[in-house]
Amino acid sequence: MDNNEKLEQITQEIMELFEIFAPPVPIETMLQKPRNNMWENVDPTQLSGSFLSITDRYSPRMSLARLLARHITISQWGRAQGIFDIVQHTETLGTFARMLIMPRDMVMGMTQSKRNPPTMSTYFEVPQEDAEARLSDLI
């Protein structure tokens, strides 16, 4: 199993643990209320404005997704899953963040005609360029 496939499976496990079955993925809630103390909770309202990228109306959600990916990666739970080693050695934090905010099962559950960057941007509440990158990840 390659590293991306392992991250995809871990993402699915996280979605199941949080009982998330449809977009948009509640990234803020996941940061604030981790299940089973999987990682330390974070209050997104305490983040500085310089942390959040505001190039698109959905850019802050991607910033939070990257923060969530980072927290999961460095947590004891993430280390036990092998995420830390994958992300540290392959520099795939952005890829993991896109997986978290646009899980494979949710993307593939869309009709083929809706799997395009503009529609996915609205559906998952992400910038179009991230939707396009996620589609590329899945090809």
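The values are calculated or read from the model by the stated rules, or taken from the named source; none is laboratory data. Here the structure is a predicted model, which means the values were calculated and not measured. Neighbour counts are summed over all protein chains in view; Cβ atoms, including those assigned to glycine, are modelled from backbone coordinates with ideal geometry.
Assess whether I139 counts as being surrounded by fewer than 14 Cβ atoms within 10 Å (Cβ to Cβ), among the β-branched types (V, I, T), at pLDDT below 95 and within 19 Å of E8 (Cα to Cα).
yes
Looking at this structure, is F84 at negative phi, crowded, with 20+ Cβ neighbours inside 10 Å and of a type outside the set (A, V, I, L, M)? Show your work before the answer.
On the way: at negative phi: yes; crowded, with 20+ Cβ neighbours inside 10 Å: no; of a type outside the set (A, V, I, L, M): yes.
No; evaluated as a whole, the condition is false for this residue.
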Exercise for review: Tell me which residues, restricted to region 98-138, are within 14 Å of the chain's Cα centre (by Cα), within 20 Å of E19 (Cβ to Cβ) and in contact (Cβ under 8 Å) with a residue 60 or more places away in the chain.
Suggested key: M99, L100, I101, M102, P103, R104, D105, M106, F124, E125
Review point. Is it true that I86 is out of contact with any Asp or Glu (no Cβ under 9 Å at 6 or more places or on another chain), within 25 Å of I139 (Cα to Cα) and at pLDDT 95 or above?
Key: no
Practice item. Answer yes if at least one residue in region 68-75 is in contact with a Gly (Cβ under 6 Å, 6 or more places away or on another chain), in a helix (DSSP H, G or I) and closer than 22 Å to L138 by Cβ, and no otherwise. Key: yes
Point to revise | Residue list for region 105-117, filter: over 18 Å from Q12 (Cα atoms) and either in contact with a helix residue (DSSP H, G or I) (Cβ under 6 Å, 6 or more places away or on another chain) or aliphatic (A, V, I, L, M) (or both) | key: P117
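Condition check ((1) touching a strand residue (DSSP E or B) at 6+ places or on another chain (Cβ under 6 Å); (2) basic (K, R); (3) over 20 Å from R35 (Cβ atoms)) across all residues:
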| residue | (1), (2), (3) |
| --- | --- |
| A69 | no, no, no |
| Q76 | no, no, no |
| R79 | no, yes, no |
| M99 | no, no, no |
| M110 | no, no, yes |
| L138 | no, no, yes |
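Of everything in region 1-26, what is of a type in the set (D, E, K, R) and either more than 13 Å from the chain's Cα centre (by Cα) or part of a loop (DSSP other than H, G, I, E, B) (or both)? Give them in sequence order.
If the condition is that a residue be of a type in the set (D, E, K, R) and either more than 13 Å from the chain's Cα centre (by Cα) or part of a loop (DSSP other than H, G, I, E, B) (or both), then D2, E5, K6, E16, E19 are the ones that fit.
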Study note, to complete from the structure: Matching residues in region 1-39 (loosely packed, with under 11 Cβ neighbours inside 10 Å and at pLDDT below 90) number 3
Practice item. Select from region 106-123 the residues that are surrounded by 13 or more Cβ atoms within 10 Å (Cβ to Cβ) and of a type outside the set (G, A, S) and list them in ascending order. Key: M106, V107, M110, K114, R115, N116, P117, T119, M120, T122, Y123
